[in-house]
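Step one of this worksheet: look at the structure below.
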Amino acid sequence: MKTEKDIALLKASIDQLNQQAWEVRVTDSNRSLVLSNEALNLATTIDYTKGKAEGLRTKGFCHLRLSKNKEAQALLEESLQLYKALNDAAGIGYIYTGLGIIQRNMGDYKASLEFLNQSSELITQTNYREVEPLVYYHMGITYKYMGNLEQALEFILKSLAVGKEVNNWIAEAYTLNTLGSIYDELGDYDHALEHHHQSLVIRREAGDKWGEAGSLDSIGSIHLKQGNYPKALSFCGQSLAMARSVGDKKGEANSLFHLAQIYNAQSEPDLAWDNARQSLIIREEIGDKKGQAEIYVCLAAMKLPKKNQNEIDSEQMNFLKKALALGEETGALDLLFRIHQSFYKLFKQQHQFEDALQQLELSDALEKEIHSQSFKQKILNLEIAHKIEQSKKEAEIYRLRNVELAHLYEESTKQKNEIQATYTELKATQVQLIQSEKMASLGELTAGIAHEIQNPLNFVNNFSEVSNELLVEMNEELDKGDIEEAKAIANDVKHNLEKINHHGKRADAIVKGMLQHSRSSSGQKEPTDINALADEYLRLSYHGLRAKDKSFNAKFETDFDANVGSVIIIPQDLGRVILNLINNAFYAVTEKRKQQIDGYEPTVTVSTKKLDGKVLIVVKDNGSGIPQKVLEKIFQPFFTTKPAGKGTGLGLSLSYDIVTKGHGGTLRVDTREGEGTSFIIEIPA
Amino acid sequence: MKILVVDDETDIQVLFQQRFRREIRDGEMSFVFAFSGEEALQFLEQYDHEAVLILSDINMPGMSGLELLKHIKEKYEAPPPVVMMITAYGDDGNYNEAMKLGADDFLTKPVDFLTLKEKLKTRIA
């Protein structure tokens, strides 16, 4: 039992198969046939009407491609019934196109036109734009087969226009191909070749081997007309091989027929006859009446191998009779004209002048009919050809513009990528610089940290040792029975254990602070005791400098506002700012101390203040102050007044970024030359 | 005899009181504490010559142990109290400076209290 879900899934995969089959129907008809067959079988098992209709449709088109017109017709008609049941106008419309093509292939141009007209109507109604250019194209072709070049061109132009609009390469390639054929018929071989070559390029790009075979054959046949037999042989030979490789019967027959004519022109009657016979067999097989008639006309004019004159005469007559029967069925004027011309020539050759005259009259009448049409049409065609050229030029302009735009786009993308790469590189360098600045200040800190850790560790060791001694004493007191004293000692031990714990935690906090400081960017904002933070870094800075420089000595003072409390900041970042400012302050007072001014007491003061909605952290020194000309540069990256190798020049610039960008605050400087400097951090709280 | 201990770490007081509890109990030694160089000087001014031995840390905010040493040795000429310096940074620079300023001894942290005890007893004796 299939559940509803199973069926829905199955339907989706059938739809997908049909979609794939439809997409490759032109480029790979054999695969399309396999896929559509699979879809059809699956759809039949669950009686899925839409799946069946689509499968049958694509399968039908593939048979059409393989020139199996009868089978194609049966499949498309079955599909048509299903589309009608589904009331799917677009589906019905496209089936009509297929039926129109089949009727044309079988030589019934009137029926072909009827189907195509219906198709066009339905497709326009349903706005099924994807296939619109194809329908117009086929209408053009049918008109062309009927010898009505005016209508043929009109529809082909329309197909070209819509094809470009909906970006249908199939229509564009086929239209170019047909234009090539029209130029061919007009005797303008250069233009004909040009169009066929354009079509060939598009088809090759799209991987449409059917189309490619057709273009190659058309090019070969034009070379044949121009008498360029080696080229003709080459192109038609390629076409034949390609048509055979994809099972394109119609294409195979065309190439074979053209090869026959080429061999005939090169006086190779055996090869000519062999190729013509093969072509005829295929055209019979696929029901191409006009094609068969053309071969018979051609055979009637060919030098036939190994026959005596009587046999040749009767055989040639036979060929023409067959051609006439077929030609009348198709009603194609140009074909009939050529058949009667051939009869006339043959009768004349055989000295049957009465019959010859009759044939001449018939062909003249046809010629007049054709010429009266074609004279007007030639003028019209020239106009249309002009229009085509114009629209092609426009299209070319578009194409060039697109190429230019694509080029510009490529260029700008390239530039964008370059900028992106440079930016990424800069960003990486910046991260490295920040990290090296951190490591540099960490280096300054390590001595201070060592000192800071040494003290609590000493206490831990000392208090634990002394507690041990106390316990020995306590036991002695207990032995003596002096409980009171023992209790007093026990109390001391307890007190010591608290001290041990306190100093252990102190060391722990210092190590944690150091790790936080060196960490790349764990930058989480968290509530932080600002006073404790400032105090911690002040001590670290002081001991660090002290450890590094024995002569260093400065007073530090703190003035913390207890109301400041906890503020949400990134502690390691703001800690770095404070550390940096304090280091700078100590540096400033140390420099001034070197001047050995009497009574000068180097002092650094760190103070905090809670104001309305904000907190101030002020690092003040009584150094020499910052000269005016330096002042404006101090926040610039890489600016430093320290000797080479002593400062990265990034401290203040990074501090500035951390305070402003990282915390939405401000970093100001207030300096008086000779008196000192205050850096004021102001952050929202 | 009174020993003045100068250190910015306040817990030094409890530590000394415990480490020398026997000596304190037996009346051999008594300790006073100052938590900065300035405080130490104040004490010395207030209780003239009461302290015979001063144990001072070197690294302290404000007045350093070396400055304190200098003051003491300059001010109290005859006889100046014994000053023993204690520091975490037992480098040559600190040592030479301390000796130049007249320090009587130079100990490095961590302090070995057994040795210190011995030294103090010798000094007092």
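Miscellaneous remarks
- Net charge, B:Phe43 excluded, C-beta distance under 14 Å - Lys, Arg +1, Asp, Glu -1: -4
- Maximal additional length on extending the A:Thr126-A:Glu268 stretch stands at 45.6 nm, based on 0.36 nm per residue less the C-alpha distance.
- Each of A:Gln454 and A:Glu673 was given a label point 7 Å from its Cα along the Cα-to-Cβ line. The distance between the two points is 4.2 nm.
- Label separation (A:Thr49 vs A:Thr424): 5.6 nm, computed from points 7 Å beyond Cα along the C-beta direction.
- In summary, the lysines within cross-link reach of B:Lys70, defined as a Cα separation below 19 angstrom excluding same-chain residues under 8 places away, comprise A:Lys550, A:Lys555, B:Lys100.
- Legend: calculated FRET efficiency, B:Thr115 to A:Asn491, from the Cβ-Cβ distance at R0 = 22 Å, rounded to 0.05, equals 0.15.
- Cα-based reach from A:Lys84 at 26 Å (exclusive), listing lysines while leaving out same-chain residues under 8 positions away: A:Lys11, A:Lys50, A:Lys52, A:Lys59, A:Lys68, A:Lys70, A:Lys110
- Placing a pseudo-label 7 Å from each Cα along the Cα-to-Cβ vector at A:Ala406 and B:Asp26 gives an inter-label distance of 10.3 nm.
- Prolate/oblate/rounded call for region A:171-254, Cα gyration tensor, a/c under 1.5 rounded: oblate
- For chain A, the longest principal axis of the alpha carbon atoms and the long axis of helix A:353-480 meet at an angle near 20°.
- Averaged over the residues of peptide B:11-18, the number of Cβ atoms from other protein chains lying within 10 Å of each residue's Cβ is 6.
- FRET E, pair A:Arg204, A:Glu311, Förster distance 45 Å, beta-carbon r, rounded to 0.05: 0.45
- In region B:51-125, the GluC sites (Glu not before Pro) that fall in loop regions by DSSP, at most 10 other Cβ within 10 Å: B:Glu77
- Highest-first arrangement of A:107-113, A:287-293, where packing means the average Cβ count within 10 Å: A:287-293, A:107-113
- Mean partner shielding of peptide A:269-279, defined as the number of other chain Cβ atoms within 10 Å of each residue Cβ, is 0.
- Taken residue by residue and averaged, Cβ atoms of other chains lying within 10 Å of the Cβ of B:52-64 number 3.
- Residues of region A:44-69 with amide N under 19 Å of a point placed 7 Å along Cα→Cβ from A:Asp15: A:44-58
- Helix A:169-186 vs. chain A, principal-axis angle (Cα, 0 to 90°, nearest 10): 30
- Relative to the longest principal axis of the Cα atoms of chain A, helix A:483-518 runs at roughly 40 degrees.
- Net length available on complete extension from A:Thr3 to A:Tyr600 is 205.4 nm, with 0.36 nm assigned per residue and the Cα-Cα distance removed.
- Gyration tensor verdict on chain A (Cα atoms; rounded if a/c is under 1.5, prolate if a/b is larger than b/c, oblate otherwise): prolate
- Beta bridge orientation in the protein assembly as shown: antiparallel %, DSSP, nearest 5: 55
- Exceeding the 20 Å Cα-Cα cut-off - candidates B:Lys2/B:Lys117; A:Lys594/B:Lys75; A:Lys609/A:Lys642; A:Lys250/A:Lys290: A:Lys594/B:Lys75; A:Lys609/A:Lys642
- Cα gyration tensor, region A:149-220 - rounded (a/c under 1.5), prolate or oblate: oblate
Since every read-out is calculated from the coordinates, none of them should be taken as a lab result. These numbers were taken from a predicted model, which means no experiment stands behind them. Backbone-built Cβ (ideal geometry, glycine too); neighbour counts: all protein chains shown.
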